Structures are given as C-alpha cells and as structure tokens.
Amino acid sequence: MLTIGIVGYGLVSGEHINGWKNTGNVISAIADPEFRKISRRLPGARMFSSAEAMLSASQLNVIDICTPHHLHWPQVASTKDWKGTIMVEKPLVVTTKALNEMGSLLGGHAAPVILRTNKRFEPHVKPLLAALAEDQSMPLSVKVVWRQRPKYMASRPWYYNKAISGGGVVLGMGIHYLEIFAEYLPDLVLQQAYLRTSRRSPNSPETTAENYAHLKFSSSRGTVELVLSCWRSASVLPFEQITAKVGKRVTRWTRPAEFDRQRSLTDEFNSYVTMIRTRRSHPDPAVLYRAHALALSAYSSLALETFAPSERGGHK
C-alpha cells in the first residue's frame, strides 16, 4: 500500500483520489493554499497550506500534483531532492524557459517523475497504440479530432489564459496525444498550425470562450493531424475520433458512449503503482521533452487573441 500526498485540491484531484483508492492506496495528506476556505475534507487526510509543509510533516511514498498548468513545473523543480515518486498532471511545462530547465534537470532528479498518461488506457486509444507499434517500415497517417464542452473550458482559465495555460487546448488537450506520438514517431516536426483563443463564440450564444487548434505534423513514417476545440454546436459531447491509415488499411475509432471511466481509471493507476514500485519515470525524459517542445512550438508560431479572466488560487 502506497501513501499519497495530493498537491492542489480542486476538480481534477477528485479523479486522482478515486484512482488511488481504486488501487488500494491511501491519501494521507493534501496541500492547497486555500485549504482554510475548503469545506470538504477527505477523512484521514491532513491538510497543509503548501507542498513544502506537507513534505516536512508527512511520511509519503508519492506526491501527486493536481494544480493549474503553470504551477506544475515549479512544484516538480522544488522537489528535486525528494526521494519519493512525483506524479503530475499534464502538461509539465508551459513556457520555453521551463522546457529548457526541464531538459537539464529531469535526468538528475532524485525522484522518478510520472506524467499522467490517462489517454493510453482509454478504449479508443488502445488500437492507436497498437497501430503505432506495428512494423515501423509501414507508412502511417493519423488524424485526431477532439472537442470539449464550451462551458467546461470557459470556467477554467488554465485552458485559455496564456499565462496559466501556456497553450490553451494545445497543451491542455493536445499534450495527451503529443506525448504518445513523441514516443512512437521521434522525428515528428510541426508543419502547420492554426490557433485561436478569444471571447467570440460563433457556435453557441451561451459560450463565453472559444479555443481552437488545428495542427499538422510530419515524420519519416508519415503524418499526424490534430483538431482540438472547446466549442461545438452538436449535442453529444465530448466528441473524440481517431482515424489511422497504416499501409493500405484505414481504421476509425470513436470514444464509446458507454465508456467505463472507473475501470479505465483503475487500469491507469495500477500501471502507475507498478512504475512507482520499480522506481521508473514515465515517459522517458527525452519523450517528455519532445512532446512539450512540439506543443510549445505550435503555440508560439502565431500571435493569438487572448483574454485574461480573474484567476483563482492553487487548485484546478
């Protein structure tokens, strides 16, 4: 049984807490700068105002970082001498400066670092992994379309505020797939990017935010196209579809309506437990660097229209 400390007690932490509980592990501490304002409490977990205070007062196997995007890297870097395992939500960095720091620090980090890789465990993504792992001599082209609820994105500044998100849907959504492609297509390069973030809402009068990215990449094996959006007029959401052509075979996978989130979550966190027990980082630091470099190069290639909402504190 592992003892876990959660950093950031917001929306996404609930999914992490369920994942750890599903695999028989214990949340013994939670750190959040707004902890005195938080009415909900997790039985058996002590509350702290910072990760540093939590680490100095608790015996933990794992710290699990569930804060907004722009806080991930500073919090990982601040624990470089800690001996346990660090798990962190995507993305790990949101600036080129942090990317360069990550490239030099991760190799010498005392603790294994696990970037949350939940897409790998979703049923429509598993066939893509199998296709990518096929005979590397076979030409390949992949297109991913992933659209989220506008209202979901509109209330969460780490998706659209430049200072917080680093790249809106490019990092908030796209990094899930770029981490996979960076492993299987190591020479992937950006060819074209169309990006937009604004208050305008062309598809829904109820929407207060729009965030859209259309990215095209190429490699020696083939091409990758990502269409990522937080606005859509269709009623069935989220919408996620993968089309892959491997050799002459074309296959399409859509996220199933009956998707069992808890089963996927348990499989995912069982995988992390294995990594933690074997003291293994995941993905490899070189893959982690390539994935974030691709996302940041896409985001920095065009000037974007952005807006700054009121920013909230230490959790997401």
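If you scan the stretch 60-99, which residues turn out to be of a type in the set (S, T, Y) and either more than 16 Å from the chain's Cα centre (by Cα) or part of a helix (DSSP H, G or I) (or both)? Walk me through how you get there before you give the answer.
Keep residues of the stretch 60-99 that are of a type in the set (S, T, Y), which gives 67, 78-79, 85, 95-96.
Scanning the stretch 60-99 gives S78, T79, T85, T96.
Within the stretch 100-117, the set of residues being surrounded by fewer than 19 Cβ atoms within 10 Å (Cβ to Cβ) and assigned to a helix (DSSP H, G or I) comprises N100, E101, G103, S104, L105, G107, G108.
Against the condition free of Cβ contacts under 8 Å to residues at least 40 places away in the same chain and either touching an Asp or Glu at 6+ places or on another chain (Cβ under 7 Å) or not aromatic (F, W, Y) (or both), how does S13 come out, does it pass?
On the way: free of Cβ contacts under 8 Å to residues at least 40 places away in the same chain: no; either touching an Asp or Glu at 6+ places or on another chain (Cβ under 7 Å) or not aromatic (F, W, Y) (or both): yes.
No, not satisfied.
One residue stands out in the stretch 128-149 among those that are touching a residue at least 24 places away in the same chain (Cβ under 8 Å) and among the polar types (S, T, N, Q): the one that is surrounded by the fewest Cβ atoms within 10 Å (Cβ to Cβ), namely Q136. Based on what the data block shows, is S235 in a loop (DSSP other than H, G, I, E, B), modelled with pLDDT under 70, surrounded by fewer than 22 Cβ atoms within 10 Å (Cβ to Cβ) and in contact with a Ser or Thr (Cβ under 9 Å, 6 or more places away or on another chain)? Criteria not met by S235.
Taking the residues in the stretch 238-269 that are among the basic types (K, R) and closer than 26 Å to N22 by Cα as candidates, determine which candidate is modelled with the highest pLDDT. Steps first, answer last, please.
Kept after step one, since they are among the basic types (K, R), are these residues of the stretch 238-269: 245, 248-249, 252, 255, 261, 263.
Pick out the ones that are also closer than 26 Å to N22 by Cα and you get 255, 261, 263.
Values: R255: 87, R261: 85, R263: 90.
Of everything passing the filter in the stretch 238-269, R263 is modelled with the highest pLDDT.
Could you please find all residues in the stretch 240-260 being among the β-branched types (V, I, T), in contact (Cβ under 8 Å) with a residue 60 or more places away in the chain, exposed (fewer than 15 other Cβ atoms within 10 Å of the Cβ) and closer than 19 Å to T223 by Cβ?
Just the residues of the stretch 240-260 that are among the β-branched types (V, I, T), to begin with: 242-243, 246, 250-251, 254.
Retained after the next criterion (residues that are in contact (Cβ under 8 Å) with a residue 60 or more places away in the chain): 242-243, 246, 251, 254.
Then drop every residue that is not exposed (fewer than 15 other Cβ atoms within 10 Å of the Cβ), which leaves 251, 254.
Answer for the stretch 240-260, where residues must be among the β-branched types (V, I, T), in contact (Cβ under 8 Å) with a residue 60 or more places away in the chain, exposed (fewer than 15 other Cβ atoms within 10 Å of the Cβ) and closer than 19 Å to T223 by Cβ: just T251.
Against the list (1) surrounded by 18 or more Cβ atoms within 10 Å (Cβ to Cβ); (2) modelled with pLDDT of 90 or more; (3) under 30 Å from N61 (Cβ atoms); (4) not basic (K, R), the condition L171 fails is (2). Is it the case that M54 is surrounded by 22 or more Cβ atoms within 10 Å (Cβ to Cβ) and closer than 21 Å to R279 by Cα? For M54, the condition - surrounded by 22 or more Cβ atoms within 10 Å (Cβ to Cβ) and closer than 21 Å to R279 by Cα - is not met.
The values are calculated or read from the model by the stated rules, or taken from the named source; none is laboratory data. Quick caveat: nothing in here was measured; it's all calculated off a predicted structure. Note that we place each Cβ from the backbone using ideal geometry, even for glycine, and neighbour counts take in every protein chain shown.
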